[in-house]
C-alpha cells in the first residue's frame with residue numbers, strides 16, 4: 001500500500017455496455033463531513049443491523065475506509081463533469097478491466113481545483129445510491145472516536161444526477177417454497193386483482209421486455225412456468241407508491257408474511273438483479289417457486305420519495321455498474337498537527 005504524500009481527489013471512469021449501448025460514466029472520489037441522514041444526505045433504502053456490525057468490525061480492525069459509498073449529487077450545469085472530462089486525455093494512475101467494465105482512475109492534487117469542486121458541491125443534496133450500511137458504519141465509528149478528526153469524514157464516490165451514464169436497473173424478487181404455495185397464491189392474486197390470463201413464461205418474459213415493465217408487476221409461477229401482469233391499483237398511484245413498495249406492502253407482507261421490519265422473515269426472499277431471461281428459469285425453479293418482476297423506479301421518483309422521508313425496502317434499486325471497492329483506501333488513523341489523511 002502506498003499512501004499519497006499530499007491531499008488528492010480521484011476521478012473515475014467506467015465504460016460498460018448499458019441498455020443503450022456502450023456507455024461511459026464519470027465519478028469523483030473524495031471525502032465529505034459525516035452528518036445525520038435526512039438533511040443533505042438522503043437515504044432511500046432500509047438497512048439491517050447485522051451488516052452494519054460486520055462493517056464496523058472491519059473498520060475497527062483496518063482503521064481504513066475500503067469500500068465506496070455511492071452518492072448522487074445534483075449539478076444541472078455539469079460543471080464538475082466538465083472538470084472530470086478534462087482529465088480523460090491524461091495518463092491514469094491505474095486502468096484495467098474489472099468484471100467486463102473498463103475502469104480508469106486519475107489523481108488530482110490541484111488544491112485550487114479542490115476548492116472549486118468543494119464550493120460547487122456545498123449546496124447540493126446527495127442521495128445514497130449504494131452504501132447505506134457503510135455510511136451508518138462511518139457514523140457509528142465517528143461517534144465512538146470524537147477526538148479523531150480523520151474519523152469525522154467518510155470516503156464517497158459522487159456521480160452527477162444529470163450524467164447520461166447514470167441508470168437504474170430492476171431488482172426482482174424470488175420466493176422460496178412455503179405457505180401458501182406458488183400455484184395457490186397465483187390463483188388468489190388473479191382473482192383478487194382481476195388479472196388477465198396467464199401466458200407461458202417464455203412468451204410472457206418477451207412481453208415484459210417489450211413493455212419495459214410499464215404494465216405493472218410481473219408474477220411468474222416457476223412451478224407451472226407461466227406468468228401474468230399484476231396492475232397497480234389507482235389507490236397506489238394516488239399514494240405515489242413505487243411498484244416495489246406496493247409489492248412489499250400489499251403482497252409480500254400480508255399474503256406471504258415476508259416483512260422488511262422482521263429480518264427473520266426475509267429468509268424466504270432472494271433477489272435477481274437486471275434482466276431475467278427464459279433460459280434462467282430452469283435454474284431458478286430448482287430453488288424458488290415464485291418470481292416477482294418489478295420495473296426500476298425513475299431517479300426522479302427515488303429522489304422524490306427520499307425527500308418526503310419515505311424509505312424503500314432493501315434492494316429496491318440497482319445502480320449499475322457498482323463502484324468497485326479497493327481502488328482507493330482512506331485511513332482513519334489519528335494524526336497530529338494539521339495533517340488530515
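Within the stretch 226-253, residues that are free of Cβ contacts under 8 Å to residues at least 12 places away in the same chain sit with their Cβ atoms under 8 Å from residues that are part of a helix (DSSP H, G or I) and surrounded by fewer than 21 Cβ atoms within 10 Å (Cβ to Cβ), at 6+ positions apart or across chains, in these pairs: 241/249.
Pairing each residue of the stretch 303-329 that is touching a residue at least 12 places away in the same chain (Cβ under 8 Å) with any residue that is surrounded by 19 or more Cβ atoms within 10 Å (Cβ to Cβ) and in a helix (DSSP H, G or I), provided the two are 6+ apart or on different chains, yields C-beta distances under 6 Å for 313/248; 316/244. The set of residues in the stretch 101-141 being out of contact with any helix residue (DSSP H, G or I) (no Cβ under 9 Å at 6 or more places or on another chain), within 30 Å of residue 54 (Cβ to Cβ) and assigned to a loop (DSSP other than H, G, I, E, B) consists of 131 alone.
In the set (1) farther than 30 Å from residue 312 by Cα; (2) at pLDDT 95 or above, residue 79 fails one condition alone, (2).
The values are calculated or read from the model by the stated rules, or taken from the named source; none is laboratory data. Computed from a prediction, not measured in an experiment: that's the story for all the values here. Every residue, glycine among them, receives a Cβ derived from its backbone with ideal geometry; neighbour counts consider all protein chains shown.
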